[in-house]
Amino acid sequence: MIIIPEYVAMLQANPFDKTLLNKIKFQLIDAEKHSWEGNKDQHAGFRQEVTRQLYQHFSSDDRPLIITLLQEEIKNCHFLKNSNDNLCRLLFMLYTLKNAEDLPLMYDAKFKLGYNATLNIDINLLFGLGNEAILAHDESLQRYLDYNEILEAEVFYQQQKSSWDKDLQEKPVPEQMSPVQEEEDEQLRFFFDKGDVLTFKFSDQKMGGLVVAERFETFDDADYIVYPTNFHEATLQPPLENLHIYGRRIKSLNMGNPFEQSIKTAEDGNSLEKSHKTMLVSITIAHSVLAHFQARLTPIASLPQVVYKGTHHLARVTSWAELEMHLNNLVQGNYPTFEVVNIDGFLQD
């Protein structure tokens, strides 16, 4: 295990030290396998946290280190045929330094990594030196100006900075970490089981609850489907003998605006239609997202067989703040047409 703040401090002091840099270099777990076979860059996770640590305190002196990290991330993205958050974070760091020599590298990252990368990397990152600099490199980019897709530099900077600052606030950099992701570590270890009743604290210090409806592996991660409960009390746990979750009686899942005050009929052109069958309201959390806040959730009991069908999917959350926002809105009744139902009616015999 490596203490990340100490390692980054050493990198900043010695940005060309090959021994230090070997720990963040692009290196596949298995050189003979493709990405679609589950192969990955074994240093990708560590390089991401090193970048997030560096982002908190960097200057023009760190430009060589930022470029090295970016070059390794570009290799990873070439392998995956897609861009990722770490690539975009590193590009933003170069954007803030405004060095004209970096423009070709940033341009290649935007347009030479493939179609998906082109979509995911914000074109505004290439306009940090002003319009003339990038148009001299590629005059065809005038089309982005013609269609008013380029923000004022300060507006874009504040927008991006807020996003990356929020990312650090919600998912702090771990104090220490292994630089190598071993192949055996790829075996997924679920945090919670189907039927687990989980408690947590709201920001107002009252207790809330969730029920794990289902969990399953996806191509590159895993998802948990959870049922929010209406529990919002000062006591430690919800009354399990009278546990209430949420339902909604609709036939269509195309909600439109969840704050809409009424459900129109199909004749009015709306896709929502009342149904006699209650669909249980669920929220999806990816395993990789849950890893950042699973310690806030405490299993207190287990319901052996929760029926998982007829689900109304409310949201896919990507942070604790999003999860608590939806739970608060449910408890406060801010989602019209949602109703409280007893979970006992949805358990298998």
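The values are calculated or read from the model by the stated rules, or taken from the named source; none is laboratory data. All of these numbers come straight from a predicted model, not from anything done at the bench. Here the Cβ positions follow ideal geometry from the backbone for every residue, glycine too, while neighbour counts run over all protein chains shown. Areas reflect the complete protein model, heavy atoms only, side chains present, ligands, DNA and RNA absent. Shrake-Rupley method; radii C 1.70, N 1.55, O 1.52, S 1.80 Å.
For the reader, a short list of remarks on this structure follows.
- Summed over qualifying helices (DSSP H, 4 residues or more, each -39500 (n - 2.57)) and divided by its residue number, the chain shows a 222 nm mean residue ellipticity of -10000 deg cm²/dmol.
- Angle between the chain longest axis and helix 320-331 axis [Cα atoms, degrees, rounded to 10]: 20
- Only beta bridges with both residues in the chain are counted; by DSSP, about 85 percent of them are antiparallel.
- Our analysis of the chain gives Rg over Rh at 1.03, with the two radii drawn from alpha carbon positions and Rh computed by the Kirkwood formula.
- Size of electric dipole in segment 2-177: Cβ of Lys, Arg +1 and of Asp, Glu -1, about Cα centre, debye, nearest 20: 400
- Computed on protein heavy atoms with a 1.4 Å probe, the accessible areas place V317, V289 in the order V289, V317, largest first.
- The accessible surface of the chain, taken with every protein chain in place and a 1.4 Å probe, is 48 percent carbon and sulfur.
- Rg(Cα)/(2.2 N^0.38 Å) for segment 112-156, N = residue count: 1.14
- Across segment 2-177, Cα pairs under 8 Å and at least six residues apart give a relative contact order of 23 percent.
- Database remark: amide H of K40 closer than 5 angstrom to the amide H of I29, D30 (H placed geometrically; neighbours at sequence offset of 5 or more, or on other chains; Pro and chain starts carry no H).
- Whole-number D in µm²/s for segment 2-177 (Stokes-Einstein; Kirkwood sum over Cα pairs; 4 °C, 1.567 mPa s): 76
- Centre separation in Å (Cα based) which lies between segment 198-237 and segment 89-142: 41
- Nearest 10 degrees, 0 to 90: helix 63-80 Cα axis against the chain principal axis: 60
- Averaged per residue, segment 2-177 has 52 square angstrom of accessible surface, using a 1.4 angstrom probe with ligands and nucleic acids left out.
- Subset of K23/K201; K23/K112; K75/K201; K110/K194; K112/K194; K25/K112 violating a 32 Å alpha-carbon distance limit: K23/K201; K75/K201; K110/K194; K112/K194
- Across q = 0.18 Å⁻¹, segment 191-234 modelled as identical point scatterers on its alpha-carbon atoms has Debye log10 I(q)/I(0) values of -0.57, in the order of the q list.
- Degrees, to the nearest 10: 4-13 long Cα axis against longest axis of the chain: 20
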